[in-house]
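Every read-out reported here was derived from the displayed coordinates using simple, explicitly stated rules and does not represent laboratory data. Model, not experiment: these values are computed from the prediction. We place every Cβ from the backbone using ideal geometry, glycine too, and count neighbours over all the protein chains shown.
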Amino acid sequence: MKSITSAKSNQAWIYLFPALLLLTLFLFIPALMSIYYSLTDYNMLAPQARLFIGLKNYLTLFKDPIFLKSVRNVAQFVIFVMPLQVGVALGLALIVNKKRPGNTFFKISFFAPVVVSLVVTSVLWLYILNPEQGLLNGVLNQLGLPSQPLLTSPKQAMFAIIGLSAWQGAGYQMLIFLAGLQNIPNEIYEAATLDGAGKWEKFRHITLPMLKPTSLMILTTTFIDAFKLIVQPMVMTQGGPMDSTITPVYYIYRTGFTDRQLGYASAMTIVYGVAIILFTVIQRKVTGAGGDNDDR
Amino acid sequence: MKLSKFGIVAVLFASAVGLSACTAKNDASGSGKDTVNMWVHYSKEDPEGKAMKQNINAFNKENKQGYTAKVQYIPRSGSGGGYEDKINAALNSNTLPDVLTLDGPNTAAYANSKIIQPVGKYIKNKDDILQSIRDQGTFNNKLYAIGYSESGVGIYYNKKMFSAAGIQESELPTLEKPWTWDEFMDISKRLKQKYNAPAIDMQLSDHSEMSIYSLAPFMWSAGGNVTNSKGTKAVGYFNSDETNSAFQFIQNMVKNGYTTISPKQKGFQTGKYAMMLSGSWTIQELDNQYKDIDYGILPYPVSPKTKKLVSPTGSWQYAMSSSTKAPKAAGALINFLVAKKQMYRTDMSNTVLPARKSVSELMKKKVNAPMQFLIDQNQKSGHARPVLVNYPQVSRTFAETVTKATYYKENPDIAKLMKKQAQDIQQYLK
Amino acid sequence: MMTGSQKARFAKTLISTILITLLAFLFLFPLIWMIVSSLKPEAQIYRDIGSFKSFLPSLDVGQWGNAYSSLLKRFNVFLYMLNSLLYGLGVTAGSIIVNSLAGYAFSKFRFRGRKLLFNIMIALLVIPGETIIIQKFQITRSLGLLNTPFAVVFPAMAAPFYIYMFKNFFDAISNDVIESAELEGAGMFRIYWRIMLPMAKPAIATVGTLSFIGSWNDYIWPLMVLTDTDKFPLQVAITNINNTQPVYMNQVMAILTLSTIPLILIYVFFQKYLVQGIGASGTGEK
């Protein structure tokens, strides 16, 4: 099933060149530099004075309680946000993929949280989540439930962040699902209709299988992005209360840029990056993306 | 095949290391002995930026040595992000300007890393400069940076809400006779009973620099401290009885419901809370946007034991980079910018507190009563924040300590909490 | 006259449309609040918050422009917007071309090391951009790009995720199409340009939208690599307004509204383009 003859396969490098050049310069080399930095005591304010200290940073981080705590926090985040956000995104994509009056309006609405600045959403969400006079507790009280401490509770704060992130991010994945849905040729549906297939059967036997590559891609990238959570806790809780919403990337950023310990921050970046890669490989194996489509 | 791939990686790695290692000193920061480049942390379109432009024009025209100054405007975000990232990048490539602005708490770290050099000998009329400003810029007994403005915080109060709660004008504290924590809590209690809401927004939901900045004066009033005067010991200082009493006071405020850890946004401005702990910038906000709120400013509550009034201070400052090739010109520029006339222009345009006694006298004639009050409180009781190399970590631990103290159910024993927190701070001291 | 089944179908559409509209408001309310708040005095914003009034503009129409006019007095907003637009369009065009070329190579060529390279690219996804900014700066500086628009645009163009997306789309295009084109004597670039790209319109639309948004919202990087104030993007002004005390919330909302409108427009533009490309025979039965 080889589409391109081997003779032409070397041409590939021409097409790859611009992307590889840019990725090497602005992503790959910086990452390699991080490896080098991670072996030094690089202080942001004294770049010339850095000393090679071997694996000391690596030994420190496995004993660093905040780093370990941040890893636990992000694990909780990933476990809950993945099904929530991807599920909501797929649902929204299916809704707007159907032609109905006001479709453009719906498309804009669902995508709005992605484009609206976090400055806006944080003001509103802080109001909604305010434990004393917030809307959410107002609704709970109406339903006869007691008020919850929400963002001020070390137990609940991460769940509030999970809800907020899924709400805010779902539009992004919706857009990608939508592109995937648009890529399914209409002829297949038309043929199925002629064969007397119902809506559910079409969804089950055409949409889902045809959407598989898109879904796998979304699962992989959302998974990785979820591990890189930083903005929402930074804006909403500053990692608190009692470090209950601090995430590794936020902690790395804080260590490197606020505390100026770039060497140590680089070591954490490397260890955490390798860990995510391993998790991603497992995740892709489990979801079946690992096989790729090399033989097509 | 395998080998060549490895070869590529090796080459890339080598080039990366090369790139990072050879941050050679090939960039001169200034372009000559008579030209001074300066970076500032605000936009040229801000009032502060416009005043700077006027000051620079004046410098270029008036100085007799033929110096020329050029300014680059780099608007910061939040507490300094963006601007400080740019400084960090410039350090990395050795392209720092001759003169830069830096926030007060950065003095020690910048001086310790030898990024900036002492400027004391260039500054004239130093006795006129507020003690808090000199403290803020001093590291190892040398003046490394010089603030051009001050900041201050007070207790804003809603006059109508106070009188409706039956609080008499005569009960209110003054700079000469401030209120003790007990008196403050008594008034808070009456306000809480009247309005069935917290009496004051103490900004306890703000876990940033605002925490140590606005709450540490309680600790200083009681005679407590974060560290010893050398900045080498926290245990025994951050958990002294004096420091503990201040955190006990904060905890009691929350426990009794006089304040809240999750205040409504702009609760004071919209008449929901009768008091707010806030800085001088709120004067402009209230005067421009919330004209129907009749407010005044009251002094910081003081420890009942010492009755000593202490209030927060600190702001951005000028410093000279160590790499400058034009130290004389840079020194002349800094001295010019913090001189009476230029400081007056900057501080008036930006409506901030002045850093000189003489400018204070000038400004007090021009500003409204709340601003006059803050200028007076600042001169009388201003206290600089600690000058520590690892200040960001210490500031954050302070904020954490406040948060933990306000969770009174989890941390009922303040002495125990403070012991643990003092140990946390200790690890950041050198 | 509608028949019974038509009536039932109409009722069903009506109910589902109402439900979806309610759902839509769950996502739309910050946008409405932002626009409405930009038309109010600041005090009104916080007085109204928590009631339905916070979603209604003030009754005094004469006041609507106040925040905007003080904003325009404070900043040369249009210059900043123009800069942002130029960077955004540069990044978008570059991103579509560079990433689709790479996606094409991964999808339709069988070259040595393909799988390894692809996996390395996926691995690059894990690097948090926030943490390598100093290194990126050093490279940009050694390339001599500082204070040029290229310093803003180049690092934002290539992205593993977008390459992945294009690869997925090209994978879905049958190889028969390519083979028949090859038989007609078309070269590989011609196939890419004439066949593959037009068929990947959904991917182009998505990558285009997302690249533009990413570039538009970037603040720290442009600030770091640019020195002239006249080259700054809009985000720099936004951050400044939002952080210079006292912060006036109505002005913040006004500049955020101005900054969000282009994003909505680019999104709608690309969505239209997307539907045109594919949905010509759309039956709505998907």
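Numbers for the structure displayed
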| read-out | value |
| --- | --- |
| Computed FRET value (nearest 0.05) for B:N288 with C:T148, which takes r as the C-beta separation and R₀ as 30 Å | 0.15 |
| Alpha carbon centroid spacing (whole Å) that separates segment B:277-308 from segment A:146-160 | 31 Å |
| Label point distance in nm, B:S358-A:D243, each placed 7 Å from Cα along Cα→Cβ | 5.1 nm |
| Dipole of segment C:79-233, positive end: most advanced residue of C:A159, C:A93, C:N147 [Cβ charges, Cα centre] | C:A159 |
| Residue mean of other protein chain beta carbons inside 10 Å, A:198-210 | 1 |
| Residues of type lysines that B:K272 reaches as a straight line, Cα spacing below 16 Å, ignoring anything fewer than 8 places off in the same chain | B:K159, B:K160, B:K189, B:K192, B:K194, B:K264, B:K291 |
| Net charge of Cβ neighbours under 13 Å - reference B:H383; Lys, Arg +1; Asp, Glu -1 | +2 |
| Rg(Cα)/(2.2 N^0.38 Å) for segment B:51-90, N = residue count | 1.54 |
| Paramagnetic reach from B:Q193 (point 7 Å along Cα→Cβ, amide N under 20 Å) across segment B:246-286 | B:252-260, B:273-275 |
| Shielding by partners, peptide A:168-181 (average Cβ within 10 angstrom, other chains) | 4 |
| Quarter of the Cα convex hull surface for segment A:94-143, i.e. its orientation-mean projected area (nm²) | 5.2 nm² |
| Sorted by Cβ neighbour density within 10 Å, fewest at the top, the residues B:M219, A:M44 | A:M44, B:M219 |
| Spatial separation of Cα centroids for segment C:235-267 and segment C:134-170, in angstrom | 26 Å |
| Exposure proxy ranking, count of Cβ atoms within 10 Å, fewest first, for B:S303, B:S358 | B:S358, B:S303 |
| Reciprocal mean inverse distance between Cα atoms of segment A:32-173 - Kirkwood radius, Å | 19.0 Å |
| Pairwise centroid distance, computed over Cα atoms, of segment C:80-97 with segment B:398-430, Å | 49 Å |
| Calculated over segment A:31-115: convex hull of Cα atoms, volume per residue (Å³) | 165 Å³ |
| Computed E for B:E62/A:T60 - FRET, C-beta separation, R0 41 angstrom, nearest 0.05 | 0.15 |
| Reachable aspartates and glutamates from B:K430, criterion Cα separation under 16 angstrom, eight or more residues apart if same chain | A:D41, A:D259 |
| Packing-based ranking, highest mean first, of B:276-284, B:366-374 given that Cβ atoms within 10 Å are counted | B:276-284, B:366-374 |
| Fraction of alpha-carbon pairs over 29 Å apart in segment C:79-233 - percent | 27 percent |
| Chain C, helix-only ellipticity at 222 nm - DSSP H runs n ≥ 4, -39,500 (n - 2.57), divided by all residues, nearest 500 | -22500 deg cm²/dmol |
| Max mean-square fluctuation residue, GNM over chain B, Cα-Cα springs under 10 Å, options B:I87, B:I116, B:I129 | B:I87 |
| Anchor C:K272: lysines whose Cα lies under 19 Å away (excluding residues fewer than 8 positions away in-chain) | A:K98, A:K99, A:K107, C:K201, C:K286 |
| Calculated on alpha-carbon atoms, Rg and Dmax of the protein assembly as shown in Å | 30.2, 99 |
| Helix runs (DSSP H) in chain C reaching 24 Å along axis by Cα, Kyte-Doolittle at least 0.5 | C:4-37, C:77-108, C:249-278 |
| R0 of 25 Å, Cβ-Cβ distance C:L72-B:W281: FRET efficiency to nearest 0.05 | 0.65 |
| Most fluctuating residue given options B:Q54, B:Q269, B:Q117, as computed from a GNM of chain B linking Cα atoms under 10 Å | B:Q54 |
| Rounded tilt (10° steps) of B:210-221 against the dominant C-alpha axis of chain B | 60 degrees |
| Cubic angstrom per residue, convex hull over Cα atoms of segment A:64-260 | 153 Å³ |
| Within segment C:244-269, backbone nitrogen closer than 11 Å to the virtual label 7 Å beyond the Cα of A:T104 toward Cβ | C:265, C:268-269 |
| Residues B:T232, B:T324 arranged by fewest to most Cβ contacts within 10 Å | B:T232, B:T324 |
